[in-house]
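Beneath this line is the structure, given in structure tokens, with notes to follow.
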Amino acid sequence: MSSNQLLQDASVTIGVSGLSVACHNDALGRWEIAIPRFDDHQLSLEVTGLGTFFIEPQVKLIEIKGENSAALEPRNEPGQAPDRTQLSQTNSQDLRWLTDFSSELPHQIVSVVTKADNPQRVDVTMLYVHDAIAYTKSIDSSMLIRPDLDSTAPLVDGRAKVEQTTAVLDILEGVPTAVFEARVMGLDIQSPKDGRVGITMDNGAAMTIPLQDQTQQILITNVEPPGDDASRFIDSDQFHFGLGDLYRYYELFNVTGEKVHEWGKQPKTGAGPNRNCCCNTVQVGALPNLGGLP
């Protein structure tokens, strides 16, 4: 498990990757991360020295909290925001490498889709991390483009329908700018060395991480099992294109503006199709909390 932690004296460093949505609740001093439980994704929690645990969909809440943790600034955002068009490493731990679903995309107003709004909406597992500073642990090296959703792969029964047509390829090749975004979100907690960090779940499961001189590591992932879904990949004469999962957040959020897809784009001179694109955590900075999602 690779650390790349922000705080070298952190008691616990947490990595979050895959389909998940982060929002800081200033009133309660915690990061709220909604993890959608789609049937084709698997949620796991790995703790160094304790093993890897696969979390059942019935689990609705995971909470990570340290004893007497220091009050940290919630976001690592030094200086100017990163330039997404450049894979720069000088500010590689800036939280703003996480795409902001509410301000960086043409969504305009973003609001939560509650179960009352749509009883068939996908379930979520909420992850609450208290008194942590958030940042980027790693940046996805994939080039990403964000064209209009309906013109490149419209949704049919909630799933994107990908067709390799001249019109679609013309749109994908015509997107002028490729961007980069965070692959793994980091969260560091500082607690006294004689303290503990607890992980609890609403199904009664609990574990305590005794703190040591060395930072303890936790990795939480919500990804598809290994294996390529060939229906998500199309090729032009010059590029491989792979459709990512950004569109699946639209089941959790209403937007008043334009919906987009996120596609991986890789020249055919590269190593092969970009088959790991865009299953990345996003943040929603415009909302005060994610209280409507559980």
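Things worth noting here:
- Length-normalised contact order for the chain - Cα pairs under 8 Å, 6+ apart - percent: 34 percent
- Mean shadow area of the chain, taken as a quarter of the surface of its Cα convex hull (nm²): 15.5 nm²
- If R0 is 51 Å, the Cβ-Cβ spacing of A167 and T52 corresponds to a FRET efficiency of close to 0.70.
- Overall form of region 1-150 per C-alpha gyration tensor (a/c, 1.5; a/b vs b/c): rounded
- Using a Förster distance of 22 Å, the FRET efficiency for E224-N4 (Cβ separation, nearest 0.05): 0.40
- Count of Lys pairs (Cα-Cα under 22 Å; at least 8 positions apart or interchain) in the chain: 6
- T85-L155 pseudo-label distance in nm [points 7 Å out on the Cα-to-Cβ vector]: 3.0 nm
- Modelled this way, with points 7 Å down the Cα-to-C-beta line, the labels at E73 and A206 are 3.5 nm from one another.
- Region 204-270 pair-distance distribution - Cα-Cα, 5 Å bins, rounded %: 3, 10, 13, 15, 12, 12, 11, 10, 8, 5, 1, 0
- In sequence order, calculated HN-Hα J values of region 250-264 (Karplus, 6.51, -1.76, 1.60; Hz; x Gly/Pro): 5, 6, 9, 9, 7, 10, 8, x, 6, 9, 10, 9, 10, 10, x
- Tensor-based shape of region 75-178 (alpha-carbon gyration tensor, a/c under 1.5 rounded, otherwise prolate or oblate): oblate
- Amide H within-cut-off set for F253, under 5 Å, with H built and near neighbours excluded: V113
- The chain: most fluctuating residue of D131, D245, D157 per GNM, C-alpha cutoff 10 Å: D157
- FRET E, pair E63, T177, Förster distance 41 Å, beta-carbon r, rounded to 0.05: 0.55
- Mean residue ellipticity (222 nm) of the chain, computed from DSSP H runs ≥ 4 via -39,500 (n - 2.57), nearest 500: -1000 deg cm²/dmol
- Gyration tensor (alpha-carbon) shape descriptor, region 35-92, a/c threshold 1.5: oblate
- Counting 0.36 nm for each residue step from D148 to K193 and taking away their Cα separation leaves a gain of 11.2 nm.
Laboratory data are not the source of any read-out in this text; all were calculated from the coordinates shown. Source: prediction; values computed, not measured. Cβ atoms come from the backbone with ideal geometry, glycine included; neighbour counts cover every protein chain shown.
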